[in-house]
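Structure incoming, see below.
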Amino acid sequence: MTFFEKIQLIKRVDSLIRRKSTGSAVELAQKLSLSRRCVYNIIDLMKDMDAPIEYCSLRKSFYYKHACEL
């Protein structure tokens with residue numbers, strides 16, 4: 001995956017998180033046509049960029065713990 005593709009993917013995941021429509025890691029992987037492992041790699045990369053990403057087991061969706069800008 002190129003640097004540009006990673007940036008585009010991060011933007012897409014950010015958008016889905018902000019719209020509260022990620023679903024579980026498996027569902028997010030399906031939406032992005034990626035593996036579940038790749039989804040976790042992107043989430044970890046975003047967390048390394050100080051994105052306050054959490055997972056709600058009740059809603060089964062990723063969310064931002066507080067407002068942020070990547």
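When ligands, DNA and RNA are left out and all protein chains stay put, how many square angstrom of accessible area per residue does the chain have with a 1.4 Å probe? The partial results should precede the final answer.
On the way: 4790 Å² over 70 residues.
Per residue, the chain has 68 Å² of solvent-accessible surface.
Asp44: accessible area at probe 1.4 Å, nearest 10 Å²?
Here the residue's solvent-accessible area equals roughly 70 Å².
Here is a further query. Sticking with the crude label model, points 7 Å out along Cα→Cβ, report the distance from Arg18 to Ser33 in nm, one decimal please.
The answer from the label model is 2.4 nm.
Which of the trypsin sites (Lys or Arg not before Pro) found in the chain are loop residues per DSSP with 10 or fewer other Cβ atoms within 10 Å of their Cβ?
Working: sites: Lys6, Lys11, Arg12, Arg18, Arg19, Lys20, Lys31, Arg36, Arg37, Lys47, Arg59, Lys60, Lys65; in loops: Arg19, Lys20, Arg59, Lys60, Lys65.
Filter output for the chain: Arg19, Lys65.
Computed on alpha carbon atoms, what radius of gyration and Dmax characterise the chain, expressed in Å?
Values for the chain (Cα only, Rg and Dmax): 11.1, 35 Å.
Lysines within cross-link reach of Lys20: Cα-Cα under 16 Å, excluding same-chain residues under 8 positions apart?
Lys11, Lys31, Lys60, Lys65
If you roll a 1.4 angstrom probe over the protein chains with everything in place, what fraction of the accessible area of the chain belongs to carbon and sulfur, to the nearest %?
Carbon with sulfur: 53 percent of the solvent-accessible area.
Additional query: Please give the charge dipole size of the chain, origin at the Cα centre, charges +1 on K and R Cβ atoms and -1 on D and E Cβ atoms. Round to the nearest 20 debye. Walk me through the numbers before you get to the answer.
Numbers: 13 positive and 8 negative charges, 67 e Å.
Using Cβ point charges on Lys, Arg, Asp and Glu, the chain gives about 320 debye.
The values are calculated or read from the model by the stated rules, or taken from the named source; none is laboratory data. Note that this is a predicted model, so its numbers are computed, not measured. Reconstructed Cβ throughout: ideal geometry from the backbone, glycine too, with neighbour counts over all protein chains shown. What goes into the accessible areas is simple: the full protein's heavy atoms, side chains included, and nothing from ligands, DNA or RNA. Shrake-Rupley method; radii C 1.70, N 1.55, O 1.52, S 1.80 Å.
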